[in-house]
1. Just the residues that are among the aliphatic types (A, V, I, L, M) and closer than 12 Å to ALA141 by Cβ, please, taken from segment 165-181.
2. Is it true that VAL127 is assigned to a helix (DSSP H, G or I), assigned by TED's automatic domain parsing to the domain that holds THR310 and in contact with a Pro (Cβ under 8 Å, 6 or more places away or on another chain)?
3. Given the options SER323, SER342, name the one that is over 20 Å from the mean Cα position of the chain (by Cα) and either surrounded by fewer than 15 Cβ atoms within 10 Å (Cβ to Cβ) or modelled with pLDDT under 50 (or both).
4. What's the total number of residues in segment 139-161 that are at pLDDT 90 or above and either surrounded by 21 or more Cβ atoms within 10 Å (Cβ to Cβ) or assigned to a strand (DSSP E or B) (or both)?
5. Any residue at all in segment 106-117 that's within 30 Å of ARG200 (Cα to Cα), in a helix (DSSP H, G or I) and in the same structural domain as LYS166 (by TED's automatic domain parsing)?
6. What is the one condition in (1) modelled with pLDDT under 95; (2) surrounded by fewer than 22 Cβ atoms within 10 Å (Cβ to Cβ); (3) out of contact with any helix residue (DSSP H, G or I) (no Cβ under 6 Å at 6 or more places or on another chain) that LEU247 does not satisfy?
7. From the list ASN91, ASN112, pick out the single residue that is surrounded by fewer than 17 Cβ atoms within 10 Å (Cβ to Cβ) and either modelled with pLDDT of 95 or more or in contact with a helix residue (DSSP H, G or I) (Cβ under 6 Å, 6 or more places away or on another chain) (or both).
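The values are calculated or read from the model by the stated rules, or taken from the named source; none is laboratory data. From a predicted model like this one, the values you see are computed outputs, not experimental measurements. When we count neighbours, we look across all protein chains shown, and the Cβ atoms used for this are built from the backbone with ideal geometry, even at glycine.
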Amino acid sequence: MPHSIEDHRLLYRIAQAYYHEGQTQQQIGQRFGLSRPKVSRLLQRARDMRVVSITLVPPPGGTSDLERGLERRYGLEEAVLVSVSDPDDANRVALELGPAAAECLLRCLEPNSVLGLAWGRTILAMVEALPAQVIPGLTVAQLSGGLGPVGALEHSTELARLAAHKLGARLSLLPAPGIVSSPEAARALRADVQIAEALRVAASADVAVVGLGVLTPESVLLRYGTILSSEDLEALAEAGAVGDIILRYLDAIGEPLALVLNDRILGLTLGQLSRVPRVIGVAGGTNKRHIVRAALVAGLLHVLVTDQATAESLLGEGADSKSSRPAVQSFEAKHELPCDQSGRTVNG
């Protein structure tokens with residue numbers, strides 16, 4: 001308790017003005033004849049002396065402890081959990097995660113910043129949930145080239161266009177497929193001035209929003225039968241791929257796989273993605289649990305928007321044996337190693 005009744009009175013009056021009346025520290029200082037730094041010190045003393053007792057009221061749903069648990073386990077800055085109606089229904093999960101991801105994205109967008117966008121159903125649901133508003137000087141950029149037919153709603157070009165329209169932003173398009181037929185074709189395209197500039201803008205993103213993909217019959221990579229070859233699929237299976245983040249595949253412990261496929265991709269590398277200040281991953285549902293965990297263990301995400309069942313599964317597992325924030329160099333080195341068709345690295 002304060003040392004005297006007068007001490008208690010002053011602390012109480014200052015705390016009352018700040019917490020109940022909503023006055024600023026500057027206003028309180030002028031009112032009571034104190035400097036702003038002294039008001040700050042007295043407010044801290046009021047908390048220390050229990051003149052002020054702060055009670056937090058959690059939101060309904062009971063996910064706050066789960067969110068904090070995920071943040072502590074995997075070194076996340078923020079976890080956002082949604083109670084979805086059916087974790088086994090991938091379409092339903094995407095639709096229900098979208099609005100939460102939209103709210104999470106909007107509050108971290110700043111004027112004159114760059115937003116990097118991936119593609120897919122969940123990102124589409126997020127973009128569709130964005131309200132129309134103008135963020136001055138914002139640029140929306142594709143993180144990777146397109147997949148599937150141009151015009152499909154979940155195509156990265158269409159998603160970037162829609163997001164830019166809703167946010168009143170400039171648009172930086174990557175006018176190329178996400179995966180091309182050969183490493184030679186990819187190198188030639190990267191040498192194009194327009195494509196090189198689009199990749200540069202994407203790499204300068206302040207915020208990136210990515211989905212986490214798995215190979216299922218309804219996924220974009222398999223739906224059209226022209227993006228991945230049977231050799232690609234065999235190599236992914238032999239290398240132990242559990243899914244991808246911006247077309248870069250990880251194994252179950254979050255290691256990036258050194259695949260021949262990597263040399264045919266037009267888009268950011270994992271090393272470049274890891275240098276984006278805020279990466280928001282949006283993924284959930286039963287079939288995404290392994291790739292969500294892999295991305296978390298790899299330390300590729302700062303924020304995760306997922307469902308409650310996935311969070312419970314992730315927290316129910318044993319402690320991770322590797323760091324949740326590997327060095328950027330480890331991603332780049334992994335992709336630079338020569339490899340065979342199975343994805344195993346070849347010693348020089």
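1. ALA169, LEU171, LEU173, LEU174
2. When the stated conditions are applied, VAL127 does not pass them.
3. Of the residues listed, the single one that is over 20 Å from the mean Cα position of the chain (by Cα) and either surrounded by fewer than 15 Cβ atoms within 10 Å (Cβ to Cβ) or modelled with pLDDT under 50 (or both) is SER342.
4. 9
5. Yes, some residue in segment 106-117 is within 30 Å of ARG200 (Cα to Cα), in a helix (DSSP H, G or I) and in the same structural domain as LYS166 (by TED's automatic domain parsing).
6. (2)
7. When all the criteria are applied, what remains is ASN112.
Results for (1) over 20 Å from ALA101 (Cα atoms); (2) under 35 Å from the mean Cα position of the chain (by Cα), shown as yes or no for each residue.
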residue: ILE5; (1), (2): yes, no
residue: LEU10; (1), (2): yes, no
residue: GLN26; (1), (2): yes, no
residue: PRO37; (1), (2): yes, no
residue: ALA46; (1), (2): yes, no
residue: MET49; (1), (2): yes, no
residue: PRO60; (1), (2): no, yes
residue: ARG72; (1), (2): yes, yes
residue: LEU76; (1), (2): no, yes
